[in-house]
Each structure stands twice: as C-alpha cells, then as structure tokens.
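Read the structure below first, then the notes.
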Amino acid sequence: MIEQLFGSKTRVKLLKLFYGNPNRAFYVREITRKIDEQINSVRRELSNLLSVGIITSDNTNNKLYYEVNQKYEYYEPLLTIFGTKKNIKIDKEQEDDELFDDEEFKALGHVDLVAFMGILTRDLNAPVDVFIIGSVNNNAVDKYIAGLENDEGKDLRYAVMKLEDFKYRMQIRDKFIAQIINAKKQILIDNKNLMTAKK
C-alpha cells in the first residue's frame, strides 16, 4: 500500500532509512547493503530524491554521501510518516533493519541517553562516535558496540557516563561535555531531555 503511494519499494526503503536516521549520512554501497536493493535501483531513486530536495549530497574523502535535507519544506510531515520505528512495515515479513531497537537498549541496563556522533555523522570535531548515559552493564555495552562496529565496518570510539556524573560535568562546564553538546548528533534515546533542547 505505502509503496503504491510513494512510487516504489526502493523509494520507501530509502525514505525509512534517511528519516529514521536524521544527521546520518550514507554512501551508495552502504545504502544498498542496508536496504537490500540493487545498486541501479538505489542510484535512480537517490537521483529522484535529490532532484526534489528531500535529500542532499556531499563529497567527503572521495565518497559521495547522502543524508536527509532537514530544511526541505515537507521534512516534518515526512518525518512523521517515516521517522519512527512504529511506522508501517515495508513487507509483512520484514523487520525494521535499523541500527538500534528498544530491546537492544534494555539489555544494556538503565539507559538515559544514547547518541551517535563523530564518524557516524561525519563530524570530525566530536570527541566520540557513541555516547551513552546511564547505569549500564559494561559487558553488554561492549557487545552492543562490537555489533555496531560490525554493521558499520568501522572502529568506533565511545564513552559511557552515569547520569549524576554528566550533570556534575555540565555544571562545571567540562570541555568534553561541551564538545558532546555542540557535536552534530543523532539522538536515539533521551529519556530525560538531556540533549533534545541542546544543539
């Protein structure tokens, strides 16, 4: 049904990928792997989305990256449709192929915040690639990061901090926390609005 409305299954998968991961940029081969579609079909739909203004492209390190255009006039309505994990499945038998899910986070322990930044958002000034706040199981976090590194094909830097330590370091205007707040990031969980009001 939703594919008929938006023209093609590949286009719907791309919209789910981009709106499900704002502030993330992807290159073509990475996209084809994540949405499991043929590269020619992906290239054609990327060209369509670029021409309309739904996504933007940028060349970094001789790779062409694509990400959702948050200034697009219909960004918010499309985000409502495609930006949540509760939206319509592309196929009945297909599960969300996302980099995260609630069950995965529950396995970590009590999590207040998870944010992607650094190489995951192409922000070279960010001090880490994954930042987690909460009372978590370190072994579970190591396992989660290892899985994420496997999915991304990259080594990731990460930091874990207890909520009270984060609040204290905020009060003393800690340099590391300032870099985290100012980094381009994708917020996955923010149960206490620690970052949503921030840049």
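The values are calculated or read from the model by the stated rules, or taken from the named source; none is laboratory data. Everything quoted here is computed from the prediction, not taken from an experiment. Neighbour counts run over all protein chains shown; Cβ positions are idealised from the backbone, glycine included.
What's the total number of residues in the range 105-126 that are within 18 Å of LYS184 (Cα to Cα) and not in a strand (DSSP E or B)? Before the answer, list the steps.
Within the range 105-126, the subset within 18 Å of LYS184 (Cα to Cα) is 113-126.
Filter once more, so that each one left must be not in a strand (DSSP E or B): 117-126.
Final tally of qualifying residues: 10.
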Restricting to the range 159-199, what's the tally of residues that are under 18 Å from VAL136 (Cα atoms), out of contact with any Ser or Thr (no Cβ under 8 Å at 6 or more places or on another chain) and acidic (Asp, Glu)? 2
Counting only residues that are more than 15 Å from the chain's Cα centre (by Cα) and within 23 Å of LYS63 (Cα to Cα), how many does the range 101-120 have? 0
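In the set ASP151, ASP123, which member is under 15 Å from the mean Cα position of the chain (by Cα), at pLDDT 85 or above and under 26 Å from TYR65 (Cα atoms)?
Values: ASP151 fails: at pLDDT 85 or above.
Every option except ASP123 fails the conditions.
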Filtered residues of the range 1-47 (kept if assigned to a loop (DSSP other than H, G, I, E, B) and either loosely packed, with under 14 Cβ neighbours inside 10 Å or modelled with pLDDT of 90 or more (or both)): MET1, GLY7, ASP36, GLU37, GLN38
Matching option when the condition is over 18 Å from ALA107 (Cβ atoms) and within 15 Å of the chain's Cα centre (by Cα), among LYS185, LYS167: LYS185
So ILE39, is it in contact with a Leu (Cβ under 7 Å, 6 or more places away or on another chain) and β-branched (Val, Ile, Thr): no
Within the range 48-63, take every residue that is polar (S, T, N, Q) and modelled with pLDDT under 90 and give me the one that is farthest from LYS184 (Cα to Cα). ASN62
Are any residues in the range 153-175 closer than 17 Å to VAL114 by Cβ and in contact (Cβ under 8 Å) with a residue 12 or more places away in the chain, and if so, which ones? LEU156, ARG157, TYR158, ALA159, VAL160, MET161, LYS162, LEU163, PHE166
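Report whether or not PHE82 is at pLDDT 90 or above, surrounded by 14 or more Cβ atoms within 10 Å (Cβ to Cβ) and either outside the structural domain of GLU37 (by TED's automatic domain parsing) or touching a helix residue (DSSP H, G or I) at 6+ places or on another chain (Cβ under 9 Å) (or both).
On the way: at pLDDT 90 or above: no; surrounded by 14 or more Cβ atoms within 10 Å (Cβ to Cβ): yes; either outside the structural domain of GLU37 (by TED's automatic domain parsing) or touching a helix residue (DSSP H, G or I) at 6+ places or on another chain (Cβ under 9 Å) (or both): yes.
No.
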Might you check whether a residue that is of a type in the set (S, T, N, Q) and without any contact (Cβ under 8 Å) to a residue 24 or more places away in the chain occurs anywhere in the range 122-136? no
